Each structure stands twice: as C-alpha cells, then as structure tokens.
Amino acid sequence: MHLSQQPMFMENKKVLIKKSYVETNTFVESHLKEVRDNGLRGFYPGAVDCTRHPLGQQFTLTGAIFTKIATLNGVKYPYIALGTQEGRDLSLANMMGISSLKGIDLNNEVEVNYLDNGKMATRHLKSTVIDGFDFYQVWQPRTRLYLELAAMIAEKDLDLTNVRVTYLGCVVKPFIAKISGEDIFGERYEQGYKRAMEYHLWKLDL
C-alpha cells in the first residue's frame, strides 16, 4: 500500500469472523491483545508493508504466521505477517489482494492530491504488473475475512508450508475523498481530492 492508503479500522470484530473457532484461536487472541495493548480502535489489518517488490520476485513460505509491529508517526501498528525461507516477512493483508479488477486502472497514471504547506499538491501513481499478466493468476483466499483467514493458516486448515509465492505487481484504484482527513503516514487531504488505493497482487502455487 502507498501513502494514499487510508486506515482501515473495524470496531466490531464480528464483521470479520464467521467461524466460531476463530474466536478462541490462540493466535488470533494473541494478535488482538497486541492491538488492544497498543490502544488501537478495533484492529488494524496491516496495510503498513508498502514495498513494491521486483516484478516476478518469488518467495517460499515457511508456514509460520505471527504478529509484527510497524511504527508510523509514533503510533505502533500490529499486523499479521507470514514468514519466508528467504527471511522476508510478508504482510497477510497485502497478500490477500483483490477479488476483481473493477475500478482498477492498469494502463494510465492516476492523479493523487494532497496538502503540502496548506496548498494542494499532486503526484501520480501507475499500476505495474508482470509481462503477460492475467488476473486469473491472482490468489483468491478461501475467505476474505482477515482474522478468519489468519486462524485458518495458524490452525493449518490452510497449510502454507513450502508454498511458492510470486509477486505479480501493484495495481492502482482511484477514488474521490468523501471527507477531509489524514492517512496513517501523515499525508493530509481535503474532501473532493483525488486519491488512490494501491493493491499488491500475488500468485500462490497451492
């Protein structure tokens, strides 16, 4: 995710949990404790790892799942990560990708507005994907409920041990800010500004 990523807080964890075993899953409980201990509202899914990897870069997952903490503007954000044999931890939230390309601009630069010394400034983002990219390659997890998916992995109901993952790229989805605000990276914007979300896309050889 990029600086334009807005925080995604959920006050009611039941929105993200359907299976009863998730509520008593040891890993999920320990993760939510980290969230509570850091004073966050609800919990934060972890769009804090905004790395654009080299296109086509591959990792092999170890099957390990754990909580990491990123510090942004003095605030600690616990997020869920997956370990790799190469030693690079990958954000689970970012690996979940998107379910469709609706609203995504694959070809053009997208304008992003933000406040710079009280005045509107502009930068541009552009989707970058591997040659021959086809959306069917993108991992579609068995559930899009973040904590439920984390519990599945922790319980080995979804065993990611030795699974090879490939970075397919990062795509941009433009939108208009409905209200003025500030993202978790400290970038401020006004209502009506052009903004954008970035999503990382991965292929998993399951």
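The values are calculated or read from the model by the stated rules, or taken from the named source; none is laboratory data. From a predicted model like this one, the values you see are computed outputs, not experimental measurements. As a convention, Cβ positions derive from the backbone with ideal geometry for all residues, glycine included, and neighbour counts pool all protein chains shown. All accessible areas refer to the heavy atoms of the entire protein, side chains included, with ligands and DNA or RNA removed. Shrake-Rupley method; radii C 1.70, N 1.55, O 1.52, S 1.80 Å.
Scanning the stretch 89-104 for residues that are open to solvent by 30 Å² or more (accessible area, probe 1.4 Å) and out of contact with any strand residue (DSSP E or B) (no Cβ under 6 Å at 6 or more places or on another chain) returns Ser99, Ser100, Leu101, Lys102. Of the strands (runs of 3 or more DSSP E) contained entirely in the stretch 107-188, those carrying at least 2 residues that are acidic (Asp, Glu) fall at 110-116. Checked against (1) surrounded by fewer than 16 Cβ atoms within 10 Å (Cβ to Cβ); (2) touching a helix residue (DSSP H, G or I) at 6+ places or on another chain (Cβ under 7 Å); (3) not polar (S, T, N, Q), Gly74 passes all but condition (2).
Okay, residues lined up against (1) surrounded by 17 or more Cβ atoms within 10 Å (Cβ to Cβ); (2) of a type outside the set (Phe, Trp, Tyr); (3) farther than 30 Å from Ser180 by Cβ:
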| residue | (1), (2), (3) |
| --- | --- |
| Gly39 | no, yes, no |
| Leu61 | yes, yes, yes |
| Pro78 | yes, yes, no |
| Asn108 | no, yes, no |
| Asn113 | yes, yes, no |
| Leu125 | yes, yes, no |
| Asp131 | no, yes, yes |
| Met152 | yes, yes, yes |
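When each of Gln6, Gln85 is tested for being at pLDDT 70 or above, open to solvent by 50 Å² or more (accessible area, probe 1.4 Å) and of a type in the set (S, T, N, Q), the lone residue that passes is Gln85.
Residues Tyr136, Tyr167, Tyr199: which one is open to solvent by 40 Å² or more (accessible area, probe 1.4 Å), under 20 Å from Ala81 (Cβ atoms) and not charged (D, E, K, R)? It is Tyr199.
Consider the stretch 139-150 and keep the residues that are charged (D, E, K, R) and open to solvent by 70 Å² or more (accessible area, probe 1.4 Å). The one that is modelled with the highest pLDDT is Arg142. Considering only the stretch 86-103, I want to know if a residue exists there that is assigned to a strand (DSSP E or B) and within 16 Å of the chain's Cα centre (by Cα). Within the stretch 86-103 (the criterion being assigned to a strand (DSSP E or B) and within 16 Å of the chain's Cα centre (by Cα)), the answer is yes, since at least one residue qualifies.
Looking at the stretch 20-28, is at least one residue modelled with pLDDT under 95, open to solvent by less than 70 Å² (accessible area, probe 1.4 Å), more than 18 Å from the chain's Cα centre (by Cα) and of a type in the set (A, V, I, L, M)? Yes, some residue in the stretch 20-28 is modelled with pLDDT under 95, open to solvent by less than 70 Å² (accessible area, probe 1.4 Å), more than 18 Å from the chain's Cα centre (by Cα) and of a type in the set (A, V, I, L, M).
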